[in-house]
Amino acid sequence: MCGIVGATSERRISEILLEGLKRLEYRGYDSAGLAVLNDQGVIESVRRTGKVQALKDAVGEHPLSGTTGIAHTRWATHGGVTEANAHPHISDDCIAVVHNGIIENHEKLREQLKGLGYTFASDTDTEVICHLVHHERKTHDDLFEAVQAAIKQLEGAYGTVVMDCREPGRLVVARSGSPLVIGLGIGENFIASDQLALLPVTHKFMYLEEGDMADINRTEVKVYDAKGTRVERDIHESDGNYDAGGKGEYRHFMLKEIHEQPSAVRNALEGRIVDGHVADDVFGNGSLELLKDIEHVQIVACGTSYHAGMVARYWLESMAGVSCNVEIASEFRYRTSHVHRNSLLVTISQSGETADTLAALRLSKELGYKGSLTICNVSTSSMVRESDLAYMTRAGTEIGVASTKAFTTQLVGLLMLTLAIGQFRGMSAEQQETVIKSLKTLPAKLEEALLLSDAIEALAPEFADKFHSLFLGRGTQYPIAMEGALKLKEISYIHAEAYAAGELKHGPLALIDADMPVIVVAPNDELLEKLKSNVEEVRARGGIMYVFADKDAHFKGDNSMRVINVTHCDELIAPIVYTIPLQLLSYFVAIIKGTDVDQPRNLAKSVTVE
Ligand code: AGP
């Protein structure tokens, strides 16, 4: 989703801004721009639709020289993908603004500003901010006070940075609902929506909290809280070392990240199982105090993370003996729900910034949950900071918009949560040992699953001319079928639906014909025979199937069925293992279709608007 980079320095900053934008590309965007205050006090700006490279090329032809500047990648919400709608927006050649989020009362403000004589050059909600600051500047000598007065009139979510042509070296920023991080340098300071953008220039970061504003110049950063009181925010040293060009031997980040899963899972397990138990501090210090009383788990998440939650429900209810509900965050937050006694609110999020999931977490604090826990991949994210407990997935930075290693490591975390809660709810030492034994085999099993890569690449051409597909699974493999379908639609743009195989005869069977490939996930588990009946239902209607199956499941390939044998694994970890071939399938189909695998159209990595 939209990305922000800003800099005030003694050196020229165009390159820093462009490199920052490049590093934010993974978040998803459709246009980009930057504005630099030059030595003559003139704001020069360049914007382009499409990739950051197009912006770089344009700046290459018309270099922008200055030591203060702001830049942005835009993911369109209000107004189409046009150069005029790209940020920065500039009022009267003097107030330049970049903004992430949505200003909900923009129409009303637009009318008011038009009444004051302002004309609008874009269809965006953001443009109201720059005219509003410009207007407030007429009655406020100080830029900070003008921005403060302007944002008081905004409703909605924003992370915004303001630059004034009369104030070289100064940036004023405000955060409400959209994350911002300040990067601290020597004789220079930076601002960004994601610290990844600033790693080439600093490893020292200060995270703004909700409602914070900051006044930044080259040598000083002043932070004020929502009440306007000057506050100190902690400085964090980051050990992040993400290299934007770091695809290694792989053609795409997604493929690299698929192949990183054995090592990501090893990292996720490292040091966390001690003496046959999940270590006490895996979910944070003192976590057992909270977990020992939990009688119900409410999981809230979006997209792939929601699928991880759906798998966890099977585990928590069957092994930990605790009831569990799983809900999409955008639904949960807007309905009245019943809060069970001693209920734990679990959010699952790769980014830790997904707007709906974060809002659900905040809401849970008012609803009387016993406590909150997040399963997350970004230690500095809002969800980690605002939850009582946190499990870090340790997957390493995930760049591909389509989530892969974040998902499989979330599942590892959820199995550990099952053990941690289960130990207080009658899960025997033997049962725990079985889970742990199985978990320990996982990295090797994932490596074996990756060996299917060539076989899956070979069958991908059979999908490339298809418009629809159906994924089937039962039990814990039903959410895996959903995840497989999500991956395929995300990156290959083929319509894919997932069904619990038992539901087939209640409607979707009507869709079956030779043009609708049916992908079946079939480990050798207790539901295998039931699944085989469902397979026969498809076969009888002339469907073409691709069955990912344990070899002991004894599926026989024929004209209507291609069987891809997946390494034999324990039933418990099968949902994690069977995820791999489905990821590979979507990847190779997308390659044939020639889509933008790492940044699929219309999608964003971190969805910070609701
Ligand atoms: C995954 O492939 C998707 N890009 C998307 O569904 C994602 O999982 C969802 O937006 C939730 O993101 P989060 O895990 O960062 O909260």
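Miscellaneous remarks
- Only a single item in (1) under 27 Å from the mean Cα position of the chain (by Cα); (2) open to solvent by less than 10 Å² (accessible area, probe 1.4 Å) is not met by ASN105, and it is number (2).
- The residues of segment 1-40 that are aliphatic (A, V, I, L, M) and either modelled with pLDDT under 95 or open to solvent by 20 Å² or more (accessible area, probe 1.4 Å) (or both), listed by number, are MET1, ILE13, ILE16, LEU24.
- Here GLU457 clears all of (1) away from the ligand (no atom under 16 Å from the Cβ); (2) open to solvent by less than 10 Å² (accessible area, probe 1.4 Å); (3) among the acidic types (Asp, Glu) except the condition numbered (2).
- Restricting attention to segment 359-398, the residues that are open to solvent by less than 10 Å² (accessible area, probe 1.4 Å), touching an Asp or Glu at 6+ places or on another chain (Cβ under 9 Å) and either more than 24 Å from ALA590 (Cβ to Cβ) or among the β-branched types (Val, Ile, Thr) (or both) total 9.
- Within segment 376-387, one or more residues are touching a strand residue (DSSP E or B) at 6+ places or on another chain (Cβ under 6 Å) and assigned to a strand (DSSP E or B).
- Verdict on GLY309 being more than 14 Å from the ligand (Cβ to nearest atom) and open to solvent by less than 40 Å² (accessible area, probe 1.4 Å): no
- For segment 168-203, the candidate set comprises residues that are without any contact (Cβ under 8 Å) to a residue 60 or more places away in the chain and not in a strand (DSSP E or B); within that set, the residue that is most open to solvent (accessible area, probe 1.4 Å) is ILE186.
- Each residue in segment 316-329 was checked for being open to solvent by 10 Å² or more (accessible area, probe 1.4 Å) and within 22 Å of TYR499 (Cβ to Cβ), and 6 of them qualify.
- Of all residues in segment 388-411 being assigned to a loop (DSSP other than H, G, I, E, B) and away from the ligand (no atom under 13 Å from the Cβ), the one that is farthest from THR347 (Cα to Cα): GLY396
- You will find that of GLY303, GLY276, the residue that is open to solvent by 30 Å² or more (accessible area, probe 1.4 Å), touching a helix residue (DSSP H, G or I) at 6+ places or on another chain (Cβ under 8 Å), more than 10 Å from the ligand (Cβ to nearest atom) and of a type outside the set (A, V, I, L, M, F, W, C) is GLY276 and no other.
Here is a yes/no grid of residues against (1) of a type in the set (Gly, Ala, Ser); (2) closer than 21 Å to LEU603 by Cβ; (3) modelled with pLDDT under 95; (4) in contact with a Gly (Cβ under 7 Å, 6 or more places away or on another chain):
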{"residue": "ALA458", "(1), (2), (3), (4)": "yes, no, no, no"}
{"residue": "PHE471", "(1), (2), (3), (4)": "no, yes, no, yes"}
{"residue": "LEU488", "(1), (2), (3), (4)": "no, yes, no, no"}
{"residue": "TYR499", "(1), (2), (3), (4)": "no, no, no, no"}
{"residue": "LEU504", "(1), (2), (3), (4)": "no, no, yes, no"}
{"residue": "GLY507", "(1), (2), (3), (4)": "yes, no, yes, no"}
{"residue": "ALA510", "(1), (2), (3), (4)": "yes, no, yes, no"}
{"residue": "ALA514", "(1), (2), (3), (4)": "yes, no, yes, yes"}
{"residue": "VAL520", "(1), (2), (3), (4)": "no, no, no, no"}
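- LYS445 vs. criteria in contact with a Cys (Cβ under 8 Å, 6 or more places away or on another chain) and more than 16 Å from the ligand (Cβ to nearest atom): yes
- Residue within segment 421-439 that is open to solvent by 70 Å² or more (accessible area, probe 1.4 Å), in contact with a strand residue (DSSP E or B) (Cβ under 8 Å, 6 or more places away or on another chain) and not hydroxyl-bearing (Ser, Thr, Tyr) present: no
- Options LEU470, LEU415: the member that is assigned to a helix (DSSP H, G or I), open to solvent by less than 10 Å² (accessible area, probe 1.4 Å) and either touching a Leu at 6+ places or on another chain (Cβ under 8 Å) or more than 30 Å from GLU503 (Cβ to Cβ) (or both): LEU415
- Only residues that are more than 16 Å from the ligand (Cβ to nearest atom), out of contact with any helix residue (DSSP H, G or I) (no Cβ under 6 Å at 6 or more places or on another chain), not in a loop (DSSP other than H, G, I, E, B) and not hydroxyl-bearing (Ser, Thr, Tyr) were counted across segment 315-361, and they come to 3.
- Taken as a whole, segment 142-152 holds at least one residue that is of a type outside the set (Asp, Glu) and open to solvent by 40 Å² or more (accessible area, probe 1.4 Å).
- Residue match in segment 248-258 (condition: open to solvent by 40 Å² or more (accessible area, probe 1.4 Å), of a type in the set (Ser, Thr, Tyr) and touching a residue at least 12 places away in the same chain (Cβ under 8 Å)): no
The values are calculated or read from the model by the stated rules, or taken from the named source; none is laboratory data. A quick note: this is a predicted structure, and the numbers were derived from the prediction, not measured. As a convention, Cβ positions derive from the backbone with ideal geometry for all residues, glycine included, and neighbour counts pool all protein chains shown. Accessible surface is based on the protein model in full, side chains and every heavy atom, while ligands, DNA and RNA are left aside. Shrake-Rupley method; radii C 1.70, N 1.55, O 1.52, S 1.80 Å.
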